[in-house]
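To start, the structure itself, in structure tokens.
The values are calculated or read from the model by the stated rules, or taken from the named source; none is laboratory data. Just so we're clear, the structure is a prediction, and the values are computed from it rather than from any experiment. All Cβ positions, glycine included, derive from the backbone under ideal geometry; neighbour counts span all protein chains shown. Heavy atoms of the whole protein, side chains included, go into the accessibility calculation; ligands, DNA and RNA do not. Shrake-Rupley method; radii C 1.70, N 1.55, O 1.52, S 1.80 Å.
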Amino acid sequence: MKKINFDFNKFNFKRKSGAENFENTEFRRIIEKKDTVHDKETGAEEEISRKSIRIVSSSLEIRKNFITLVPMKSLSLEDFSFPFSNATKIREALRLQIMPFSAAGELEIFPVIKSKAGRGVNGFVWYVSPDELNIPAVPGGNNKVWPAPLPFISRLKEHNGSGVTMWIDEENICSILWQENEPVLSRWKKLTDENSHEKELLWYDNFCKARELERGGNFILNAGGDYDDEPDEEFVEMISESVKICPWISNVSLSRTAIEGERDLERTVSLLTRAACWLLAIGTVTLGTSLLYLIQIDRQTQNVRTRSENFYRQNFDPTHTGRISNPVTLARNKISEISGSSGEGHPLEEVLADLGEIFTANKNLKITLDTIRYSGEGVDCTGSAPDMTTVLNFRRAWNDYASAVQVDNTQFVSGIGYRFDLRVRW
């Protein structure tokens with residue numbers, strides 16, 4: 001077991017490449033001062049605590065990020081594992097876990113996700129009293145609050161990430177016990193004498209022995225005293241290396257701003273979810289209404305078509321079978337035939353001659369004509385062919401003899417081929 005003392009007052013720093021990740025970061029710490037206030041009316045004295053900031057390490061670059069190392073008295077942590085990964089659900093589940101202890105005082109929770117396995121997650125949660133979250137922040141900056149002993153895990157690398165990182169300042173001793181680069185326990189004690197940290201390390205010896213945990217090494221950082229506003233590259237390099245070992249450290253921020261941001265995000269997500277549900281419901285109703293309207297229109301269209309076909313079949317062609325694609329046109333042609341108003345057009349002899357020329361010129365045209373209906377305006381043929389190509393060739397052959405040729409009501413009949421209606425108009 002090895003103990004390392006790290007005192008800022010003994011540093012001689014030179015610039016190193018390891019501090020590149022925090023070149024625009026200012027590291028700060030909290031000093032809690034107690035002032036005595038006299039009440040002029042009663043003459044009583046009251047002790048008031050005030051928190052002030054001291055710079056630990058600053059940057060020569062423009063400072064955009066500010067990290068405050070805070071020795072939190074009420075800080076504790078606990079592992080968790082859930083079969084879901086939704087951040088809101090994780091926070092709600094953790095709140096339910098601490099509900100039996102809410103009578104002792106309110107706690108704020110800060111979940112940290114270490115890994116994901118399928119839909120589930122593993123991690124740990126920081127618990128801290130809301131009274132300790134009143135940390136002065138820099139307006140407009142990216143402010144984070146870290147537990148004071150957190151970013152020094154890199155100094156336990158020789159012990160496989162197991163051991164104790166300890167922070168000492170003018171009034172506090174706070175420490176974290178690590179097991180293989182994962183925090184398992186957080187403690188705070190008031191600094192009473194020069195041997196306070198020795199007693200604390202002895203406590204960890206007994207605790208690890210009782211719990212059969214790896215004791216590992218020690219890293220003790222003495223942060224007491226005043227420091228110049230200059231870049232402390234060795235300190236920053238140590239933190240950079242810790243973040244590389246435990247990347248989740250960079251996402252830790254135990255601050256009131258972080259909690260408010262999480263709550264604002266939860267409210268926004270909840271509002272958007274409700275809005276999305278309402279839009280989905282409205283869309284479903286609109287889609288259902290449109291489908292019902294479409295079905296109604298389709299039924300009406302089918303009824304009109306069926307009535308038109310039945311009317312034509314009953315009045316003009318009772319022997320016609322199958323679908324009638326254009327009964328109105330066919331009925332007009334029939335009326336023209338009966339009334340004799342269709343004009344001379346082509347005589348029947350010419351139509352038969354044209355039909356003979358078509359079959360003579362196209363000897364491979366395998367067409368069977370079942371019905372030929374002649375009128376002064378044209379000819380309507382009903383027949384069958386082995387394939388659709390033959391039907392189209394038959395239609396094109398009529399183009400040289402008529403001004404309009406149209407194929408209607410084409411349908412495939414098993415064992416016969418394609419049945420069709422051909423309309424020829426002069």
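Structure data summary
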quantity	calculated
Additional length obtainable on full extension of the chain from S76 to L213, 0.36 nm per residue less Cα span	47.5 nm
For the range 73-156, alpha-carbon Rg and Dmax in angstrom	14.8, 40
Gain in span if fully extended, E349 to E158, counting 0.36 nm per residue against the direct Cα distance	57.6 nm
Ratio Rg/Rh, restricted to the range 94-135 and using Cα atoms, in which Rh is the Kirkwood radius	1.08
Binned Cα-Cα distance frequencies in the range 98-213 - 10 Å width, integer %	11, 33, 38, 16, 2, 0
FRET efficiency estimate (nearest 0.05) - Cβ-Cβ, E41 to K64, R0 51 angstrom	0.60
Gain on full stretching of the segment that runs from T273 to K114 - 0.36 nm per residue minus C-alpha separation	54.5 nm
Dipole moment magnitude, nearest 20 debye, the range 80-158 about Cα centre, only Lys, Arg, Asp, Glu C-beta charged	480 debye
Phi-based couplings in Hz for the range 236-242 (Karplus 6.51, -1.76, 1.60; Gly and Pro marked x)	5, 4, 4, 5, 4, 5, 5
Dipole in debye (nearest 20) - the range 377-426, about Cα centre, beta carbon charges: Lys, Arg +1; Asp, Glu -1	60 debye
Whole-Å semi-axes of the ellipsoid equivalent to the range 155-253 (Cα gyration tensor, √5λ, descending)	23, 20, 11
Mean Cβ count within 10 Å, highest first, over the residues of peptides 410-417, 184-191, 236-243	236-243, 184-191, 410-417
Across K189/K209; K114/K190; K116/K244; K64/K157; K144/K209, pairs whose alpha-carbon gap is larger than 24 Å	K114/K190; K64/K157; K144/K209
List I53, I367, ordered by accessible area with a 1.4 Å probe, largest first	I53, I367
Positive-end extreme of charge dipole, the range 275-426 - chosen from L392, Y312, I282 (charges on Cβ)	I282
Cα-centre dipole for the range 128-257 with unit charges at Cβ (Lys and Arg positive, Asp and Glu negative), debye to 20	780 debye
Efficiency of FRET from Cβ geometry, T284 and R395, R₀ 41 Å, rounded to 0.05	0.30
